[in-house]
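> Below you will find the structure I want to go over with you.
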């Protein structure tokens, strides 16, 4: 909804611009999570790159992204200087529910560090914003990714085929997915599976290794011996668990390959529209039919990787000027926006909805003159850079978030036209579009029944409506169903439910009373007078309910009931099934089942419990029964008065 509103706001401007925002930084970037608002963009100074001023400073900055603000400029809301530059920046949702309101930002540096910041503290400019400084890698950390299911798990990759798995809640001892892949290479990309949380893919120089963390070993190694591509990037299909994309930065084979691990002998598809090596790609989580990629050919292409088109289907191409883009990322909250980082020192945010864009080369002459002494005399005359205007058509395929999942329209002649699209049963294939034409026929019985129900609802005549349905029922099952519904709107529904089930509560009470009459000649007031202070009954707290939820439920056992005769067991069963606990306690006392009687009385409440205990002591004739009774009643005076003088010291 937010992305749709943003798109509408952009279209309502006088000129719909394709370039939404621009930041003059040479940086690697990361978008804030989709649940974060306002939307932020973290920029870490890119490693192994210099701007026109040859500055050696480095920083991590956070910019607020608001497409409704006029102009292209973005001002940083937070900035912290660092001693190192960044090869990769990611933003995770760890702690957004409690400790870290905006999640955490992790950056892989050129000297082997993984640094983690609290994003909310960074925005608030607090001094303790940096949480961790992890130093376990050798060489540049060019690969980082947060687990999609457990946001505390961070995978990092560096030199010498080294992959480490960090638990940010306990980062002292990182784990490894298994033995290092041979031959040793730099890990250029890591990607957690979007459907299976323990599957991790890693890209090295000439191969892709997929790891199963449950087994701590690689399950498959993917390499194309025919094309000999240099696999730099890997990303998983957002919906199909076994499919992934590999891209090559080699100018001789600038392709993107779609692989299915179930058929790993060769790629399923090859996307071949780039003319030079591919530097970055990103698969949209909001629409699996959208893939963005950039390369050394100055192209920023949007693909439909699921289309059955030889060489790949281009749905959109963004003009990015004459500079390479080395990093592209989809915005999680506004899915129509994509960021692109270029080597000319710009971080631009584009919209794939088409429109107009003005491009103007950066004037770096003055910056270079400031850096090189004596350059001023030979510097060319200052000229205003030429502004180029581009009209970019809209995307050729409607994004998933703008599609209506279904629709209907009435036509002449009592016809109804409906359309819908559903996922195909075959993973990875296109959606199935369906258009149907229905003949609408008016059924008199349905209209009559609807009118009766509407009248009953308006006048709250629920019982009368149920009686009408009972009289018109066509079978015993339907009649019984409406009887149960009718009882729900009558007085004393519980008793009537039992009557429908064949249990007469009054008859059962009489049978139990005649059986246990010999033990019920003690008045209620006498039985409860001495036990009013006993802590009995159900005294659960609110925490107990949550404790029970977390406990595993034992396997259910089949319960066998005997209600066919008038014996004690049958009467007890009938009393329990009808909820007559007091009669059930009387039966247990009559049959000498003292433990069962006390357990049932405890479930019924303190009043019945007190009377049951009193009757138990009256029937008990053991030598210690009177002492136990006095202790339970807290009648210590009678204990002292009736005790023998020899036991006084013990008392």
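> How would 325, 189 line up from fewest to most surrounding beta-carbon atoms within 10 angstrom?
189, 325
> Among 63, 326, which comes first, second and so on when ranked by fewest other beta-carbon atoms within 10 Å?
Fewest-to-most ranking of 63, 326: 326, 63.
> State the extension gain, in nm to one decimal, for the chain segment bounded by residue 310 and residue 73, taking 0.36 nm per residue of separation less the distance between their alpha-carbons.
81.3 nm
> What is the spin-label model distance, in nm, from residue 421 to residue 223 if the labels are put 7 Å beyond Cα along the C-beta direction?
Reported label-point gap for residue 421 and residue 223 is 4.0 nm.
> Taking N as the number of residues in region 41-195, what value does Rg over Cα atoms divided by 2.2 N^0.38 Å take?
1.08
> Shape of region 295-349 from its Cα gyration tensor (a ≥ b ≥ c, root eigenvalues): rounded if a/c is under 1.5, otherwise prolate when a/b > b/c, or oblate?
Judged from the Cα gyration tensor, region 295-349 comes out oblate (a/c at least 1.5, b/c at or above a/b).
> Assuming a viscosity of 0.692 mPa s and a temperature of 37 °C, what translational diffusion coefficient in µm² per second does Stokes-Einstein assign to region 231-307, Rh being the Kirkwood radius over Cα pairs?
So the translational diffusion coefficient is about 265 µm²/s.
> Continuing with this model, one more query. Based on a Kirkwood Rh over C-alpha pairs, give the Stokes-Einstein translational diffusion coefficient of region 58-109 at 20 °C and viscosity 1.002 mPa s in µm²/s.
It comes out at roughly 166 µm²/s.
> If neighbour count is taken as other Cβ atoms inside 10 Å, put 583, 454, 162 in order from fewest to most.
454, 162, 583
> Equivalent ellipsoid semi-axes for region 450-511, as square roots of 5 times the alpha carbon gyration tensor eigenvalues: give them largest first, rounded to whole Å.
After scaling each eigenvalue by five and taking roots: 27, 14, 6 Å.
> How long is the gain from residue 276 to residue 454 if the chain were fully straight, where each residue apart is worth 0.36 nm and the alpha carbon distance is subtracted?
Full extension from residue 276 to residue 454 adds 57.2 nm.
Coordinate-derived values only; no laboratory data. Just so we're clear, the structure is a prediction, and the values are computed from it rather than from any experiment. Cβ coordinates were reconstructed from backbone atoms using ideal geometry, including for glycine residues, and neighbour counts include every protein chain displayed.
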